[in-house]
Amino acid sequence: MNGKEAEDAGASATLSPPRPLEWKFSQVFGERTAGEEVQEVDIISAIEFDKSGDHLATGDRGGRVVLFERTDVRDHAQRRDLEMLDNPISRHPEFRYKTEFQSHEPEFDYLKSLEIEEKINKIRWCQTPNGGLFLLSTNDKTIKYWRVQEKKVKRISEMNLSPTQDLGDGGLASSSVESPRTYLPNGGCSGRPYNFLSNDFTFPPGGFPSLRLPKVVTSHETSLVARCRRIYAHAHDYHINSISTNSDGETFISADDLRINLWNLEISNQSFNIVDVKPANMEDLTEVITSAEFHPTHCNTLAYSSSRGSIRIIDLRQSALCDNHSQLFQEPETPGSKSFFTEIIASISDIKFAKDGRHILSRDYMTLKLWDINMNSGPVVTFQVHEHLRPKLCDLYENDSIFDKFECCLSGDGLRVATGSYSNLFRVFGCVPGSTEATTLEASKNPMRRQVQIPTRPARSLGSLTRVVRRGAESPGLDTNGNNYDFTTKLLHLAWHPTENSIACAAANSLYMYYA
């Protein structure tokens with residue numbers, strides 16, 4: 001084989017699609033027992049890995065943020081040594097509970113007579129300039145900037161009286177225990193500490209030989225403290241659906257149905273409105289903003305999606321108010337295919353930039369679409385998520401399931417995408433040209449239990465996805481394996497580890513993690 005043939009062979013090997021991944025169960029947090037009723041406040045509503053993948057944050061409908069940290073990172077040096085010796089090792093991220101804090105409380109807007117629920121809509125990690133962890137969390141109206149840091153516990157020691165010295169009332173002198181006090185105006189206090197000296201106490205003859213003032217000693221014990229550094233409020237008339245941090249580490253955006261605001265992390269009382277789609281007459285409103293995301297590396301570029309299935313890219317360098325987009329991505333309508341549900345299912349619920357910033361992944365009700373920012377004529381590939389539900393759109397409309405907002409995610413290497421569905425199922429697709437990977441997994445300890453079977457007749461292909469085509473005689477209420485679909489159990493939120501093939505997904509109040 002000459003050099004050119006070897007080069008061609010290497011190129012073909014490089015372009016060949018990777019083998020489908022075999023997913024395995026890793027961990028579960030908050031697993032439900034059979035028949036256990038799930039409390040509404042415990043249902044997970046947001047999931048996010050940080051950029052390193054060493055920390056994972058979840059938010060729930062009760063306004064709490066729970067942090068998990070990776071436990072196997074300490075073994076990385078040993079793993080590298082074993083890899084150099086070509087020893088086969090099984091490596092996948094393992095996490096443990098770190099801490100939790102109450103991020104939002106229920107509020108009431110008296111001017112609009114509107115209840116503001118505490119549910120966490122989005123969580124985004126921020127850059128960490130020092131040892132602490134920084135993140136943004138938001139509910140429908142208020143964004144908060146949190147810092148979580150380990151602090152060493154301080155104790156009081158070396159009191160003048162021995163802790164074991166008897167007092168006149170039979171009590172013991174204590175340097176750390178105090179009774180509750182009633183605080184009065186101007187700093188007064190009506191109570192006395194628990195270790196006060198009784199009237200029967202007498203000083204020894206000649207007094208104490210020396211007076212030892214109490215000292216504050218820092219112990220080796222540490223405790224995690226979450227502190228709210230900034231509150232960004234009163235900037236949105238409508239419910240916030242997205243927040244996204246900028247690559248410059250200084251700014252972030254927040255988006256509601258009609259506006260996108262630009263914030264500086266250090267300034268909480270002022271924001272700049274950069275997108276406003278509100279018409280002069282609300283009767284002329286034809287679409288709303290559904291999701292917004294900053295470009296991963298270009299601090300001047302961001303994208304936002306609409307309820308009509310379009311994605312717009314704007315450049316902050318063009319003008320202060322970016323009502324005019326620099327690029328528009330929208331799939332052209334197929335002639336004769338319009339129905340009552342067409343516009344509803346075309347609404348994009350989530351968009352994500354690929355790590356390289358070249359591609360955008362979007363999720364509407366029925367499909368995943370992968371877009372190339374250099375080609376706005378249409379998506380590069382379309383993945384059918386649950387095409388078998390199309391005959392049931394009328395039922396889904398009547399029970400409001402058609403308005404469910406499913407999220408999507410990409411792998412760190414950009415080779416695969418994932419999104420959720422009903423019956424606690426989620427799907428993983430290969431997006432490399434020629435790939436037929438289309439895996440269906442269940443959020444349980446046996447993820448492959450409800451794996452979609454390959455049909456007996458050849459399946460039609462759409463882009464790089466092999467579609468499962470249902471026969472007309474099959475019941476539309478069943479999935480490919482004949483199981484009943486449960487529209488009350490839906491997997492809306494999931495996240496892909498930034499550097500490894502590991503997925504975290506939320507099924508009600510349970511957090512499941514898988515690796516491949």
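Some observations on this one:
- Sequentially through region 110-127, phi angles give Karplus couplings (6.51, -1.76, 1.60; θ = phi - 60°) of 6, 6, 9, 6, 10, 7, 10, 6, 7, 3, 7, 7, 8, 10, 9, 7, 10, 5 Hz, Gly and Pro residues having no value and appearing as x.
- Solvent-accessible area per residue in region 338-385 equals 37 Å², computed with a 1.4 angstrom probe and all protein chains kept.
- Centre-to-centre separation between the Cα atoms of region 290-322 and those of region 365-426: 21 Å.
- Using θ = phi - 60° in the Karplus curve 6.51 cos²θ - 1.76 cosθ + 1.60, the 3J(HN,Hα) couplings for region 238-249 round to 10, 5, 6, 10, 8, 9, 8, 8, 8, 6, 6, x Hz; x is entered for Gly and Pro.
- Sulfur and carbon atoms: percent of accessible area, region 242-361 [1.4 Å]: 48 percent
- Listed pairs Lys24/Lys152; Lys141/Lys352; Lys369/Lys490; Lys98/Lys119; Lys122/Lys278; Lys51/Lys112 exceeding 32 Å between Cα atoms: Lys24/Lys152; Lys51/Lys112
- Lys151-Ser16 FRET efficiency (beta carbon distance; Förster radius 60 Å; 0.05 resolution): 0.70
- Taken along the Cα-to-beta-carbon direction at a fixed 7 Å, the label points for Thr99 and Gln270 span 3.2 nm.
- Here region 306-329 is scanned for amide nitrogen atoms under 16 Å from the site 7 Å beyond the Cα of Thr342 along Cα-to-Cβ, giving 308-310.
The values are calculated or read from the model by the stated rules, or taken from the named source; none is laboratory data. As the structure is a prediction and not an experimental result, all values here were calculated from the model. Note that we place each Cβ from the backbone using ideal geometry, even for glycine, and neighbour counts take in every protein chain shown. In case anyone asks, the SASA skips ligands and DNA or RNA and just uses the protein heavy atoms, side chains included. Shrake-Rupley method; radii C 1.70, N 1.55, O 1.52, S 1.80 Å.
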